[in-house]
Every structure is written in C-alpha cells, then in structure tokens.
Amino acid sequence: MDMPKPNDAHKKLAKLAGSWRGEEIMHPSPWAPAAHKAQGKIRSAVGVDGFLVSGEYEQSRDGAVTYRGHSVYWYDDEKKRYVLHWWDSMGMAPNVFEGGFQGDVLTMTTVSPMGHHKVVYDVSKPDEMRWKMESSQDGQKWTPMMDGTYRREK
C-alpha cells in the first residue's frame, strides 16, 4: 500500500511557514484598555511529511516578552476545512479554529467561553503576511483585537 501524500489543500498551508517579524497594533480590550503597539515573531515550519504547519509565536513590548503561543495548522480532508489548534501563555485549553482559503486569504473562526473569535491571514504578497484577530459576543458584529504586518526573514 502506498502512503498517503499531501494534496493541494495541504500544500497551500506552506505559505504560512517561515520566520516572520513585524509590528502589531493591539486594539483596546479587557486585557489592555488603551491601544498600543507590539512586536511579533513567528517561526513556523511544514511538518509530518507536508500534512501540517506548526509554529511558535512571541509578542514583545518595550523589549519584554508579553505573550507566547504555539500553533498547529492542518487540513481536515473529511470536513474539507482548515483547522488551527492554538495554545498560549494564557494557560487555558487550546482554541480550535476552522475555516478556509479564499484565494490567498485564510479566514478561521472559533467559539470559546470568552466569545467568538476570527483570525484572518493574508499571504497574497510575496514575503509578507498580514494578520488580524477580531472578537464578537454574537458571531455577527466583530470588533478588532489585533492587527499585524509581518515580513519574511531571509
């Protein structure tokens, strides 16, 4: 029997892989009532023979690390959906986001005890990734939480 091979949907996730660095804007939230800027670093790689991308995220402000996260992105062939498992330094159970690509823009959502959350990854420009996270109480009206523009490090 031949081993399964990643399909085009799996391969599309490779656009997220790499070393990225950029500026982030944190919008007012319950965790930080005033908007502020931060710096973000992402280091991610294709793994498990091309079936997923896993990564480490680090946010810093004024030279000190303020937040860390670990991501695993994969394509669920049965559901025909992209899935993100996200663990972070907030210490809660992992969030599981699901969604899909429209062109080179991946949009994923989750519902947790803290409400609805949406993440959008735009990898339409070479060596640039734009990212945003929004929150909602009802899943209809979205409020920005964070925006980032990252450049691929060579």
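FYI, it's all coordinate maths here, none of it is from the lab. Predicted, not measured: the structure shown is a model, and the values here were computed from it. All Cβ positions, glycine included, derive from the backbone under ideal geometry; neighbour counts span all protein chains shown.
Of the conditions (1) surrounded by 13 or more Cβ atoms within 10 Å (Cβ to Cβ); (2) not in a loop (DSSP other than H, G, I, E, B), K37 fails just one. Which one is it?
Result: K37 fails condition (1) only.
Residue check: is W20 among the hydrophobic types (A, V, I, L, M, F, W, C), touching a Gly at 6+ places or on another chain (Cβ under 8 Å) and surrounded by 14 or more Cβ atoms within 10 Å (Cβ to Cβ)?
yes
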